[in-house]
Every structure is written in C-alpha cells, then in structure tokens.
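Here is the structure we will look at, set down as structure tokens.
The values are calculated or read from the model by the stated rules, or taken from the named source; none is laboratory data. Here the structure is a predicted model, which means the values were calculated and not measured. Backbone-built Cβ (ideal geometry, glycine too); neighbour counts: all protein chains shown. These area figures cover heavy atoms from the full protein model, side chains too; ligands, DNA and RNA do not enter into them. Shrake-Rupley method; radii C 1.70, N 1.55, O 1.52, S 1.80 Å.
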Amino acid sequence: MPDKAIIAENLTRKFGDFTAVDQVSFDVEKGEIFGFLGANGAGKTTAIRILTGLLAPTSGKAFVAGLNVYTEMEKIKKSIGYMSQKFSLYDDLTVRENIRFYGGIYGLPRSILKQKTDEIIEIVGLGDAVNKRVASLPLGWKQKLAFSVSILHNPDIVFLDEPTSGVDPITRRQFWEMIYEASENGITIFVTTHYLDEAEYCDRVSIMVDGRIDALDTPAGLKKTFNADSIEEVFIRLARKEVWDERYQS
Amino acid sequence: MQTIRFLLYKEFLQIFRNRVMLPILFIMPVVQLLVLSFAATYELKEVHFVLVDLDHSPSSRDLSAKFQASGYFALADATSNIEEAITMMDRGEIRMILTIPQNFHRDITIGRPAPVQLMIDAVDGVSAGLIQSYSGAIIRDFNSDRKGGIFLQTISQPNQQYQSINVIPVYWYNPDLNYINFMVPGILVVLVTMIGVFLSGMNIVREKEIGTIEQLNVTPIRKYQFITGKLIPFWIIGMVDLLIGLALARYGFNIPFLGSLWLILAVAGIYLVLVQSVGLLISTITSTQQQAMFIAWFMMVIFILMGGLFTPIESMPVWAQNLTLANPVAWFIKIMRMVLLKGAGWYEIKWMVLLLTGMAAFFIAASINRYNKTSS
C-alpha cells in the first residue's frame, strides 16, 4: 500500500441492525486535504472512529499510514492525530499543562516540547492565557488549541471531526489557515464537516449519505458532474435523490 | 516510564486543583474515626429497669442496690404490680423488668435456691444479650456473698444456676473489653476501602463522561501505563489517609500497637491495590459515574456488613461465613485486629496476606484485560 495515507475497502460497521457505515471504499493520497461531508448521522464520525482505532470495524479492510487497522492499530496511533467532535482537552488544566501532558504521552523530548509550546501560543494567539485553565477560554481558542495539540507530535495524518462546528466565521477562517499550514508541513488532513462552503477548501471531497459514499471527487469535478454552482447544490441533490429513491424504488 | 510520569503529574495536578474533593480526602479519616468510634458502641449505658419487688425484704433491696451500683442500670420505678411494669416496657420507657418473688429473703437465708425473673426488651438482640450477661454477672456477685443462691429465670435459658460453679472470665488481648480498641482498626479498613474502591474507578469513568479518555485512547499509550497512572495517585492518598488514621488511633484513642507498624503498612499497600482494582474493574463495565457509584456502593455495603466490623463473623450462619472467605474487607479487618491488638507477626497472618495478594493479582489482571482502547 505505498503512497496512500488511507485506504478503505468495503469498510462496514453495524450496530445491531443498523448499518452506520455501509461498504465504504476510498483512498486518501499523502499530503491531501480530504473532506468528508455528510448530514448529521450520515456515518462520518463512525468512519473516523474506525480509522483512529476507537471502534472496531464489522467487516471490510482499512489501512492507515500503510498499516492494517485490525492488527497494527497501536503502531498506527504513533502516526495519527485526532481531534474529536467533543472538546477533549482537560478543562481543569492550563493550556501549558495540557500541551505538556499530551506532548509527554507522545514522548516528545523536553526541548522540542518547549519549542512547540511557544509555537502554539504564537499561532493560536494565546499570549498570557497560556497559564489560564482551558475551561475559561472561548470556544474558538479551545478548538484552535485542540487542533494544535492533535498535531503536536507531527503525525502523518490528522483526523478532524467537525472541528469548526459552533465557531464564528472569522475563527473558522483562521482555523482553515492552520489546516493549510499543517498540510504544507506534509500532514495529511482528513476532515469531516457539515459546513458545505468548507468543502471548497479541500483537495478532494466525499459526500456520505446514509452510511454510503455517494460521490467522491475534487470540488470542481463534483460541481461539473452534477452541473451545479456550489457543493451545497451537489449535496442537496444527492440528499434529495436519497429521498426520491426511498419513495419510489422501495 | 516517562509516559507514566506524565500521567502521574497530570493526575496530581487535577487532584490538588479539586477544591471540593481535596479537603474531604484528608478530613475524612479524622471524621470517620471520631464519629464512628464513638457512635458505634457496644457498651451498655444506663439501662432503665423496673423493680417488681414482691418480697420487700433486706435481700431484695440488696439485689436491687447491686444492679444500680453497677453503673449499667438505672432504676426507673419500683412497683409491686407486674402489669404496670409491662406497660412501661411496651411504651419503650424501660428495657428490663427485674421480678423478685415472695419468700425470696427467707429462701436465700436458709440456703435454699431462690428464683428471680428478668424480662428483657429484645428488639435489639445485641444489647438484650449484653443486658442478660451483665445481669448474670451482678447476680453471680450477689451469690458469692451468700450461702444460698439465686437462679435466673429467662425465657431462653430457664433456671440458670449461678451458685454451683463460679465462673470468672478473663478477657485476653482486650482486657477491659474496650470497644474502641475493637472498632478503630476496623474503621481504618473501611476508610482505606472507600478510597480504594471509589476514587480510582470514578476517576476513569469521569474521563469517559467528559470524553478525554478518547483523546488518550488514540495515543500510543499502553494499557498497563494507563492503569498504573490511575492507581498510583490514589494509592498514595490512601496510604497517607491510613497513616493519619493510625496516628489518631495511637495517640488519640490510645490503641495498643502490639504488632509491627511496617507489617500493617505493607499489608495495607497490597490491600489498596486490590480494592483499587475492584474499582477499576467497575469502571470498565460502566459508562457513567452514576452507574459506577451505584455498583460500588452496592458492593461496599455488602463487604462492610459482612466484614466483621459490626457483627461478628462467628455469629453468622455457615453459608454467610463461607461467603466472607471471599471478602477482602473481612480479611484485612482480621489482620488489623490481630496485628494491632494481639501483636501477631508475619507468621500468624502469612496465609491471609498471600490470599489478599492473590486476589489483588487477579483483579488487576482482570481490569487491565477489561480496559479496552477500542470499543467493539
């Protein structure tokens, strides 16, 4: 599996009778910004949780950083970063303590840790807030901080699960600048979102509807295929088609 | 090793930052010892009784005086109407009726055995037993001054003869039958158990609830590192609390420390790992603190009630006694009492310690095994 950051083949996850991820196949190139679009409940988070080793797949194959998710998950964990939908830094620790903790867990040497801490303070624009407890930070800062922590150990791939939900438009823009910067540093970005304008920022976009990937292409390619002006239009058509199918084919 | 160090650093930061929990952790041993030791008493104080004296003789007055002089009994009323006395017992005003029959004085002076009757309110069986045995002692004492004797009539053991054999009990290891000596070692065990079962387990479930555990699960952290990082902080706190408790026991309650303090601490160290692992195991099968708390309390109550702290294990039915073999609380209470009060050494407690060690190994293995970074 050379040169691919992620490979999924017929990846499936069932919860009882419900199939959250249904025979999904896709590749993510190294260094790519890969957008994973879908409505709430479409299966995006489930897919991300399988690829990050938080959830076991029911069937199908998946390789992350060239390693098998069934057998080499603990090795994979060294090369991935993850920012969950739920804010998951420690609220009762300060910014500096959180960075130190996660850096320590990933085994970063002290000197690099210090340098990284300074970098993050600079990038996120924390300034004096570095010694404040994370609980007291505004959401936008929290999200930028969580992203910085998720790439602290310079992973090959970072998984971002709706990183910008609930964040104001200016912070969203800043957040995407951070994503671009990480991408320029060679980190593959796997990002889920339901803000369809954000899809335009991605190299390639997949659209997930009811556990399946219905479309996968560059933003321009998708618009061309569906003869649409925006990704939003593409998305609505795909979602409508779903409703149409349900009504008239079953 | 470095990973564990970072985990520990983080845990201690969080513990010392928790303004609600921190004071309780260190006030708890003091309060528990003070309150429980004084409240959970087995001693009789001021049992109110009614004297139904049908003899009105020097001997009957003498016997009644002996009861009152003992310090355990207080005369509430004297009457010759037994019905009246029973009414008072029904109302809960008194707990014993001492009936002295007619011709008591005559019988006793000519050396013929004379009966007296005790009626004891046995709603609380433990104290009823105590009342009976204290009364027995007073009557024995009364008999020793006289040629003839009294025999005691109770429902359960009619016609107990107190004159023929004079039993003089000698209580070993706790000569004054001081209940504080008996309770405090047990209460220290309860304290250590609470810290062990609740804190580590609850800490993990909390990380589940706020979602930080997922962030840890996507890191290459190893299971044993995670578990060690969760065990050690509360292990240290448990040991510190035990030391505070032991100091209070020694210098506040004057509990004799006949055995080795180091032996106690070593056993406590093993015991803490055991109860912490039980807490961790609970945390692996629950997803909210409420569930974990409920299960932990359920187990705690059974462990403690069957631990020999409040009721002696020897007086439980056989099946229950067999159950206590699997109860770590019972073993540690036994060890504590043996070492502190009887001066037992390693040789006497060896098997119990090995058993606790075995249980600790089992539970820690089970909790590491059950803790999964990937949910299925």
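A:F101 contributes an accessible area of around 10 Å² to the protein surface, as traced by a 1.4 Å probe with all chains present. What residues in segment B:192-225 lose 40 Å² or more of accessible surface when the other protein chains are added to their chain alone (1.4 Å probe)? Buried by 40 Å² or more upon assembly, which counts only protein chains, are B:T212, B:E214, B:Q215, B:V218, B:T219, B:P220. Over segment A:136-250, with a single point scatterer placed on each C-alpha, what log10 of the ratio I(q)/I(0) does the Debye formula yield at q = 0.10, 0.18, 0.23 1/Å? These q points yield log10 I(q)/I(0) values of -0.36, -0.97, -1.30. Note on A:R133: accessible area is roughly 110 Å² with a 1.4 Å probe, heavy atoms of protein only.
Comparing the full protein assembly with the isolated chain, the residues of segment A:87-101 losing at least 40 square angstrom of accessible surface (1.4 Å probe) are A:S88, A:Y90, A:D92, A:L93, A:E97, A:R100, A:F101. Taking Cα atoms only, the orientation of helix A:139-150 departs from the longest principal axis of chain A by about 90 degrees. By the helix-only formula, in which each DSSP H run with n ≥ 4 contributes -39500 (n - 2.57) and the sum is divided by residues, chain B has a 222 nm mean residue ellipticity of -20000 deg cm²/dmol. The long axis of helix B:21-39 is offset from the longest Cα principal axis of chain B by roughly 10 degrees.
Against the criterion of solvent-accessible heavy-atom surface with a 1.4 angstrom probe, A:E32, A:E184, A:E200 sort, most first, into A:E184, A:E200, A:E32. How large, in percent, is the carbon and sulfur part of the accessible surface of chain A at a probe radius of 1.4 Å? The nonpolar share, carbon plus sulfur, comes to 49 percent. Nearest 10 degrees is fine. How inclined is helix B:261-285 to the longest principal axis of chain B, computing both from alpha carbons? Roughly 70 degrees between the two axes. Based on Cα atoms of the protein assembly as shown, Rg over Rh with Rh as the Kirkwood radius reads 1.21. Here the Gaussian network model covers chain B, with springs between Cα atoms less than 10 Å apart; of B:Y72, B:Y347, B:Y251, B:Y347 fluctuates the most. Only the Cβ atoms of Lys and Arg (+1) and of Asp and Glu (-1) were treated as charged; on that basis the dipole of the protein assembly as shown about its Cα centre amounts to roughly 1540 debye.
Checking every one of the trypsin sites (Lys or Arg not before Pro) in segment B:335-368 against DSSP loop status and a limit of 10 other Cβ atoms within 10 Å picks out no site at all. Just which residues of segment A:53-68 lose 40 Å² or more accessible area with every protein chain there, against their chain alone, with the probe set to 1.4 Å? Listed in order, they are A:L54. Counting only protein chain heavy atoms and rolling a 1.4 Å probe, the accessible areas of B:Y179, A:Y102 rank, largest first, as B:Y179, A:Y102.
Computed across chain A, the Kirkwood hydrodynamic radius from all distinct Cα-Cα pairs reaches 18.9 Å. Taking the square roots of 5 times each eigenvalue of the Cα gyration tensor of segment B:319-376, largest first, gives ellipsoid semi-axes of 30, 14, 9 Å.
Pairing chains A and B buries close to 2800 square angstrom of accessible surface in total, based on protein heavy atoms and a 1.4 angstrom probe. When Rg and the Kirkwood Rh are both derived from Cα coordinates, the Rg/Rh ratio for segment B:47-161 amounts to 0.94.
Computed from the Cβ-Cβ distance with R0 of 60 Å, the FRET efficiency linking B:Y224 to A:D197 stands at 0.85. Neighbours of A:Q85 by Cβ distance under 11 Å: Lys/Arg scored +1, Asp/Glu scored -1, total 0. Annotation: amide H of A:A5 within the under-5 Å range of A:V28, A:E29, A:K30, sequence separation 5 or more or interchain, hydrogens built in the peptide plane. The alpha carbons of segment B:73-127 give a radius of gyration and a Dmax of 13.4, 39 Å, in that order.
The sum of -39500 (n - 2.57) across all DSSP H runs of n ≥ 4, divided by the residue count of chain A, sets its helix-only mean residue ellipticity at 222 nm to -11500 deg cm²/dmol. Within straight-line reach of A:K114, meaning a Cα separation under 18 Å, sit the following aspartates and glutamates at least 8 residues removed in sequence or on another chain: A:E97, A:E122, A:D128. When the alpha carbon gyration tensor of segment B:177-370 is reduced to an equivalent ellipsoid, the three semi-axes, largest first, read 31, 18, 15 Å.
Largest first, the extents of the alpha carbon coordinates of chain B on the three principal axes equal 92, 44, 38 Å.
For the pair B:I285 and B:A137, label points projected 7 Å from Cα toward Cβ lie 4.6 nm apart.
When the Gaussian network model of chain B links Cα atoms closer than 10 Å, the mean-square fluctuations of B:V190, B:V20, B:V275 top out at B:V20. Averaged per residue, segment B:203-322 has 44 square angstrom of accessible surface, using a 1.4 angstrom probe with ligands and nucleic acids left out. Remark: relative contact order (chain B) = 17 percent; criterion is Cα-Cα distance under 8 angstrom and separation of 6 or more residues. Highest mobility in the GNM of chain A, judged by mean-square fluctuation with C-alpha springs under 10 Å and restricted to A:P163, A:P155, A:P138, is found for A:P138.
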